[in-house]
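Data first, discussion second: the structure below is written as structure tokens.
The values are calculated or read from the model by the stated rules, or taken from the named source; none is laboratory data. All values reported here derive from a predicted model rather than from experimental measurement. Using ideal geometry, Cβ is built from the backbone for each residue, glycine included, and neighbour counts are taken over all protein chains shown. The protein model used for the area step is the full one, side chains on, heavy atoms only, and it has no ligands, DNA or RNA in it. Shrake-Rupley method; radii C 1.70, N 1.55, O 1.52, S 1.80 Å.
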Amino acid sequence: MGTYLGEVPAAGEPMRVASCVEWLLAPNPSAWTFEGTNTWIVGVPGGSTCAVIDPGPDDARHVEALRRAVGRRSVSTVLITHDHDDHHGATDAVLRWSGATLLDATTTVSTTAPRGSAQRSVTVADGIDATVLSTPGHTRDSVCILLPAHREIFTGDTILGSGSPMVRPSLMADMLRTLRTLADLGARSHVTVRPGHGPVLDSLADAANRRLAARLRRIAQVAALTDEDSGLTVDELVTAMYPNLTDPDVRRAAASSVEAIQRYLAASEPVGSEARA
């Protein structure tokens, strides 16, 4: 199991967590965002430039905190892990005061390319190279941003610090492939996970494998419940699978993932014993 590396910082207070990584938490806690959205600043100490990964929500307090954290450095690049407002809402404001180049999922990833393959390698700040990986599942445009030389990966909502993200109804097979790809990547070299929400995890391999096993257990659960009573609605399946889940927003997220499982089980590609493992 991946180990949590310390606590989540207080919102608005940047924390250096690695030689080239600072962590800034946005003040937007909710059932969807947990403690808030994690914004990451990539740059070596004393360097003249830095990059920002997921500028966060359109919140003046967060934008000002990010500006203070950047200080005298020039923001060379802004990277977005996926097209959700809590991750990219502040982008326009950051670009206005920084003059940075924007690299988002639509400009870095081809949706027809092999899943999990490297789509683009870029130098983001003071000689720090990043590789953008196509990792659909949470959304079709989701990417993870790997710093190969530093063994750091920024996973957006593909891998969270705790729990599992919502999966779009048509993307369960993509999510399983993504998690296998990330597990393989982590098995080849130790990589630290910097998620879009929640605490840091010390092992990409452990985090991806644990979340893959959890997805397969839920697939098996839906398959068993459907075998027992094919008349269950999505809402009834959510109640059976998550009996203590009462928050309506979280129930909607769970319903999306359950529907994704149903579509996955109904798909023509084989699932067989793997889904029921």
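Quick one: with all protein chains in place, what share of the accessible area of the range 135-277 is carbon or sulfur, to the nearest percent (1.4 Å probe)? Before the final figure, lay out each step's value.
Numbers: 2960 of 5870 Å².
Exposed carbon and sulfur together represent 50 percent of the surface.
Run the dipole for the chain about the Cα centre, Lys and Arg Cβ at +1, Asp and Glu Cβ at -1, nothing else charged, and hand back the magnitude in debye, nearest 20.
Values: 25 positive and 32 negative charges, 142 e Å.
So the dipole magnitude of the chain works out to roughly 680 debye.
Choose one answer from V200, V122, V132: the residue with the largest mean-square fluctuation in a GNM of the chain with alpha-carbon springs under 10 Å.
In this elastic network of the chain, the residue with the biggest mean-square fluctuation among V200, V122, V132 is V122.
Quick check: Cα centre of the range 242-269 to Cα centre of the range 24-89, how many Å?
Comparing the Cα centres of the range 242-269 and the range 24-89, I get a distance of 30 Å.
Mind checking the range 61-91 for trypsin sites (Lys or Arg not before Pro) that DSSP puts in a loop (not H, G, I, E or B) and that have at most 14 other Cβ atoms within 10 Å? Numbers along the way, then the final one.
Values: sites: R61, R67, R68, R72, R73; in loops: R72, R73.
Passing both the DSSP loop test and the Cβ count: R72.
Please give me the summed charge of the neighbours of C50: other residues whose Cβ is under 10 Å from its Cβ, Lys and Arg +1, Asp and Glu -1. It would help to have the intermediate numbers written out before the result.
Values: positive: R73; negative: E22, D126.
That sum, taken over residues with Cβ under 10 Å, equals -1.
If you take the charge dipole of the chain about its Cα centre, with +1 on Lys and Arg Cβ and -1 on Asp and Glu Cβ, which of S74, S134, S164 is farthest toward its positive end?
The Cα lying farthest towards the positive end belongs to S74.
When the helices in the chain are scored as -39500 (n - 2.57) per DSSP H run of 4 or longer and the sum is shared across all residues, what 222 nm value do you end up with, to the nearest 500 deg cm²/dmol? Let's see the in-between values first.
Details: 9 runs with 100 residues, N = 277.
That comes out to -11000 deg cm²/dmol.
With a 10 Å radius around each residue's Cβ, average the other Cβ atoms per peptide and rank 35-42, 158-165, highest first. Mind showing how you got there, number by number?
On the way: 35-42: 26.0, 158-165: 21.0.
In decreasing order of mean packing, 35-42, 158-165 become 35-42, 158-165.
Using a 1.4 Å probe, what is the accessible area per residue for the chain, in Å²?
Working: 11880 Å² over 277 residues.
I get 43 Å² per residue for this part.
Could you give the nm distance between label points at D92 and A213, where each point is 7 Å from its Cα heading toward the beta carbon?
Going by the 7 Å Cα→Cβ label model, 4.5 nm.
Considering only D58, D157, D184, give the residue with the highest GNM mean-square fluctuation for the chain, with springs between Cα atoms whenever their separation is below 10 Å.
D184
Given the options G47, G137, G156, which has the most mean-square fluctuation in a GNM of the chain, springs set between C-alpha atoms less than 10 angstrom apart?
In the Gaussian network model the winner is G47.
Amide H to amide H, which residues 5 or more places from T81 or on other chains are under 5 Å from it, using H placed in the peptide plane?
Distant-sequence amide H within range of T81: D54.
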